[in-house]
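Scroll down for the structure; my scribbles are underneath it.
The values are calculated or read from the model by the stated rules, or taken from the named source; none is laboratory data. Remember, predicted model here, so these are calculated numbers, not experimental data. In this analysis, Cβ positions are derived from the backbone assuming ideal geometry, glycine residues included, and neighbour counts consider all displayed protein chains. Accessible surface is based on the protein model in full, side chains and every heavy atom, while ligands, DNA and RNA are left aside. Shrake-Rupley method; radii C 1.70, N 1.55, O 1.52, S 1.80 Å.
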Amino acid sequence: MVECEVEGGLKLLVANAGDAYFAYQAMCPHQEVALCEGLYDGAVLTCHQHLWQWDIRTGAAIGLAEAPLESFPVQVEGDSIYVVAQSALGAAELFVGISGPTLKALTDLAKKEEFEAGRSLYDVGDPADDFFVLETGRVEFLIGRDERVSPAGFMLHKGEVFGWAALLENQPHRIARAACLEQSRLLRINGKQALRVLEADPASGYLVMRRLSALIARYLVSSGSK
């Protein structure tokens, strides 16, 4: 396996498994440790820092790992390997595995927006109309108001979904504050419109809601809630 940098400065990890090649994010999704410094036996990639592991053919989490790796399509032509970037929506854990038509319908709803570092995206009590998918940059969650604001326990990176109150019934207002730690590009999607798309595809809708419940549970654990 080897770490490489593609156009635009994006760093990727490219690994060989038998006669196939696979490309993933270069940094561990846990604490941004370089995965090229980890252990690789031809089938399983292990981060040396906290022993998170992934199936190299699918990027699926194994063992202690709590999140999959973001994957990138690979094309091999002769002696050259080409890596094709994909949209953040397609890489989002919440939507991996849903049907192609449903993913396209959600993509058509997405509005791309850019925000400067330090910009607040929403605050506690704001209307929860839209949810977001992070394309580039970093976003931090904060809980509280004014002088009593404290970190919610985690930061977000590319492909992660936040503002998911917009996908919940009877949750019309935000329960946290989200702010950009650096210049960030986001996809904004209206929650009600997205729910209508998912209702039209029950199998995909069930998959998304099951993952959303796991995401909420992970948030409650990380923030210390019971």
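Points worth noting:
- One way to sum up the overall shape of the stretch 25-73 is the equivalent ellipsoid from its Cα gyration tensor, whose semi-axes run 13, 12, 11 Å, largest first.
- To the nearest 10, the accessible area of Cys47 is 0 Å² with a 1.4 Å probe.
- Top positive-direction residue, dipole computed over the chain with Cβ charges, set Leu35, Tyr21, Ala67: Ala67
- Calculated mean residue ellipticity at 222 nm for the chain: -6000 deg cm²/dmol, from DSSP H runs with n ≥ 4 weighted as -39500 (n - 2.57), summed, divided by the residue count and rounded to 500.
- The translational diffusion coefficient of the stretch 154-211, from Stokes-Einstein at 10 °C and 1.306 mPa s with a Kirkwood hydrodynamic radius over alpha carbon pairs, comes to 121 µm²/s.
- When the alpha carbon coordinates of the stretch 34-111 are projected onto the principal axes, the ranges are 40, 36, 20 Å, largest first.
- Of the DSSP H helices in the chain, those whose Cα atoms cover at least 18 Å axially and whose Kyte score averages 0.0 or more: 202-222
- Applying 0.36 nm per residue to the separation of Leu142 and Ser99 and subtracting their alpha-carbon distance, the gain on full extension is 12.1 nm.
- Listed by chain and number, the aspartates and glutamates whose alpha-carbon sits under 13 Å from that of Lys111, ignoring those within fewer than 8 places in the same chain, are Asp130, Glu135.
- Nearest-10 value in Å² for the accessible area of Glu114, using the 1.4 Å probe: 110
- Solvent-accessible heavy-atom area per residue, rounded to whole Å², over the chain at 1.4 Å: 54
- Taking the accessible area of the chain, probe 1.4 Å, and keeping the other protein chains in place, the carbon and sulfur fraction comes to 51%.
- Scaled against the 2.2 N^0.38 Å expected of a compact globular protein of N residues, the Cα radius of gyration of the stretch 1-51 reads 1.11.
- Coarse-grained scattering of the chain at q = 0.08, 0.09, 0.10, 0.11 Å⁻¹, given as base-10 log I(q)/I(0) from a Debye sum over alpha-carbon atoms: -0.31, -0.39, -0.49, -0.59
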